[in-house]
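Novice: The following block contains the structure, expressed as structure tokens.
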Amino acid sequence: MKSQLVKRKTIVIGAGALGLATAEALLRRGDVVTILEQGEVGRESSWAGGGILAPLCPWDYPTEVTQLALRGMQMFADFAEALRVATGIDPEYQRSGMLVLPPYDAELAAQWCETHAVRIERRGEALFLPDVAQARNPRLLQALRAQVQLLGGHIVEHCKVNELVSDGKSVSTLLTSQGDFTADRFVLTAGAWSKQLLGEHALHVDIKPIRGQMLLFKFDMPPLPHIVLQEGLYLIPRRDGHLLVGSTLEDVGFDKSTTEAVSDSLLQRATNVLPSLKGMPIIKHWAGLRPASPGNIPTIGRHPNLQNLFINSGHFRYGVTMSPASVDVLVNEMDGKPQPFDVSPYRWC
């Protein structure tokens with residue numbers, strides 16, 4: 001009798017964009033994957049974000065951020081289309097372009113775009129990046145969840161991880177609100193909660209929550225032909241006439257509440273950019289907690305002491321943008337395969 005190949009069991013902790021995309025990639029490679037989510041699938045930072053698939057003013061970021069983001073941007077069209085074909089759920093990927101209004105550093109922007117072969121145009125006093133794309137985060141997450149389930153992944157919601165049990169060399173068990181879980185490998189994709197969950201095992205990982213508040217409006221037709229950005233304020237038009245306005249950067253811990261003062265400020269600034277917003281009702285006002293890390297640089301890879309514990313977290317504002325590339329880097333390390341570029345800046349230690 002032929003012996004059957006024993007598949008590796010992997011547990012992914014956290015079911016946002018990074019967790020679902022990581023699980024999807026591991027399932028396609030033959031792992032048996034369980035995802036543990038302390039709340040509901042995809043309902044934290046990934047769901048709350050606007051879905052701009054590029055760093056805001058990328059010339060203002062370090063190379064460690066832009067090389068991962070640029071690769072994610074290059075991979076995203078195929079990533080989204082594969083999800084649409086497999087699940088029938090359209091993440092609404094589209095190259096809508098982004099108009100950058102002053103103030104900005106025009107010389108730095110031109111130099112960066114030339115160096116990285118990114119198209120840029122002058123439109124009066126503004127800059128236009130025609131290849132910047134967007135996705136609709138909730139639909140992307142719905143597609144990822146459906147794909148994970150189609151591939152046989154097991155999702156456990158409302159499952160809070162209380163402790164990682166280890167012998168100093170590897171993790172053996174997760175103690176959770178829904179019992180104990182064991183596996184061969186564990187991948188942490190818990191976003192803003194990652195450092196808190198790791199406890200003494202966090203080492204130099206420095207990830208904390210930064211709140212961002214958003215507003216939603218509805219027009220009969222898209223009120224803008226492209227994304228508009230001005231000093232951290234962005235307006236994102238959807239195909240069906242919805243318009244997202246965001247966002248703030250608030251260091252308030254794990255507080256996801258919204259404030260009237262922020263709503264008033266966002267509305268005033270957005271109306272200055274798009275006067276037709278005046279008098280429009282706010283359809284929705286919400287907040288999410290980004291997994292902030294120094295310099296916006298995520299941590300990806302194996303724990304320096306616990307050989308079966310991995311991380312894919314701390315992407316700050318660009319988890320969705322970076323997700324295809326970040327998952328590629330992580331899985332390459334897990335499988336011992338070559339990397340597309342120098343990944344040492346993302347290592348755990």
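The values are calculated or read from the model by the stated rules, or taken from the named source; none is laboratory data. As the structure is a prediction and not an experimental result, all values here were calculated from the model. No Cβ is skipped: glycine too gets one built from the backbone with ideal geometry, and neighbour counts run over all protein chains shown.
Novice: I'd like to check something: does segment 44-66 contain any residue that is of a type outside the set (S, T, Y) and within 30 Å of V165 (Cα to Cα)?
Specialist: Scanning segment 44-66 turns up at least one residue that is of a type outside the set (S, T, Y) and within 30 Å of V165 (Cα to Cα).
Novice: Mind checking whether some residue in segment 249-262 is at pLDDT 95 or above, touching a helix residue (DSSP H, G or I) at 6+ places or on another chain (Cβ under 9 Å), farther than 20 Å from F316 by Cβ and of a type outside the set (S, T, Y)?
Specialist: no
Novice: Which of the residues spanning segment 103-140 are surrounded by 12 or more Cβ atoms within 10 Å (Cβ to Cβ), touching a residue at least 12 places away in the same chain (Cβ under 8 Å) and either assigned to a loop (DSSP other than H, G, I, E, B) or on the phi > 0 side of the Ramachandran plot (or both)?
Specialist: Across segment 103-140, the qualifying residues are Y104, D105, H116, V118, P130, D131, V132, A135, R136.
Novice: Considering (1) surrounded by fewer than 21 Cβ atoms within 10 Å (Cβ to Cβ); (2) farther than 22 Å from P102 by Cα; (3) among the charged types (D, E, K, R), say which one E231 fails and leave the rest.
Specialist: Looking at each condition in turn, E231 falls short on (2).
Novice: Restricting attention to segment 220-261, which residues are assigned to a loop (DSSP other than H, G, I, E, B) and either touching a residue at least 60 places away in the same chain (Cβ under 8 Å) or at positive phi (or both)?
Specialist: Those that are assigned to a loop (DSSP other than H, G, I, E, B) and either touching a residue at least 60 places away in the same chain (Cβ under 8 Å) or at positive phi (or both): P225, H226, E231, G232, R238, R239, G241, S247, G253, F254.
Novice: Right, next: Could you identify the single residue in D328, D264 that is surrounded by fewer than 17 Cβ atoms within 10 Å (Cβ to Cβ), of a type in the set (D, E), assigned to a helix (DSSP H, G or I) and out of contact with any strand residue (DSSP E or B) (no Cβ under 7 Å at 6 or more places or on another chain)? Don't jump to the end; show me each part of the working.
Specialist: Values: D328 fails: surrounded by fewer than 17 Cβ atoms within 10 Å (Cβ to Cβ).
Checking each option against the conditions leaves just D264.
Novice: Only residues that are among the β-branched types (V, I, T), over 18 Å from F316 (Cβ atoms) and crowded, with 16+ Cβ neighbours inside 10 Å: list them for segment 177-219, please.
Specialist: Once the filter is applied, which keeps residues that are among the β-branched types (V, I, T), over 18 Å from F316 (Cβ atoms) and crowded, with 16+ Cβ neighbours inside 10 Å, segment 177-219 yields only V187.
Novice: Continuing with the same structure: Only one of N272, N312 is under 23 Å from T66 (Cα atoms) and of a type in the set (S, T, N, Q). Can you tell me which?
Specialist: N312
Novice: Name, by its number, the condition in (1) more than 30 Å from L36 (Cβ to Cβ); (2) part of a strand (DSSP E or B) that does not hold for D180.
Specialist: Answer for D180: the failing condition is (1).
Novice: Can you tell me how many residues in segment 1-32 are touching a Lys or Arg at 6+ places or on another chain (Cβ under 8 Å) and either among the small types (G, A, S) or modelled with pLDDT of 95 or more (or both)?
Specialist: Residues flagged as touching a Lys or Arg at 6+ places or on another chain (Cβ under 8 Å) and either among the small types (G, A, S) or modelled with pLDDT of 95 or more (or both) within segment 1-32 amount to 8.
Novice: What's the total number of residues in segment 74-102 that are among the basic types (K, R) and in a helix (DSSP H, G or I)? Spell out how you get there, then give the answer.
Specialist: Of all residues in segment 74-102, those among the basic types (K, R) come to 84, 95.
Right, trim to in a helix (DSSP H, G or I) and you get 84.
Number of matching residues: 1.
Novice: Quick test for you: out of G279, G301, pick the one residue that is more than 16 Å from the chain's Cα centre (by Cα), farther than 26 Å from D90 by Cβ, surrounded by fewer than 24 Cβ atoms within 10 Å (Cβ to Cβ) and modelled with pLDDT under 95. Reasoning before the result, please.
Specialist: Working: G301 fails: modelled with pLDDT under 95.
Exactly one residue qualifies, and that residue is G279.
Novice: Could you figure out which of (1) farther than 29 Å from Y104 by Cβ; (2) touching a strand residue (DSSP E or B) at 6+ places or on another chain (Cβ under 6 Å); (3) surrounded by 24 or more Cβ atoms within 10 Å (Cβ to Cβ) isn't true of V32?
Specialist: Here V32 meets the rest and fails (3).
Novice: Next question. Starting from segment 50-63, take each residue that is in contact (Cβ under 8 Å) with a residue 40 or more places away in the chain and list its partners that are in a loop (DSSP other than H, G, I, E, B) and of a type in the set (S, T, Y), counting only C-beta distances under 7 angstrom and pairs at least six apart or across chains.
Specialist: Note: pairs meeting the criteria are G50/S247; P55/Y61; P55/Y318; C57/Y104.
Novice: How many residues, within segment 190-210, are of a type in the set (G, A, S) and in a helix (DSSP H, G or I)?
Specialist: To start, the set of residues in segment 190-210 that are of a type in the set (G, A, S) comprises 190-192, 194, 199, 202.
Filter once more, keeping what is in a helix (DSSP H, G or I): 191-192, 194, 199.
Summing the residues that are of a type in the set (G, A, S) and in a helix (DSSP H, G or I) in segment 190-210 gives 4.
Novice: With the requirement that a residue be within 17 Å of the chain's Cα centre (by Cα), aliphatic (A, V, I, L, M) and assigned to a helix (DSSP H, G or I), what does segment 27-71 give you?
Specialist: Scanning segment 27-71 gives A48, V65, L68, A69, L70.
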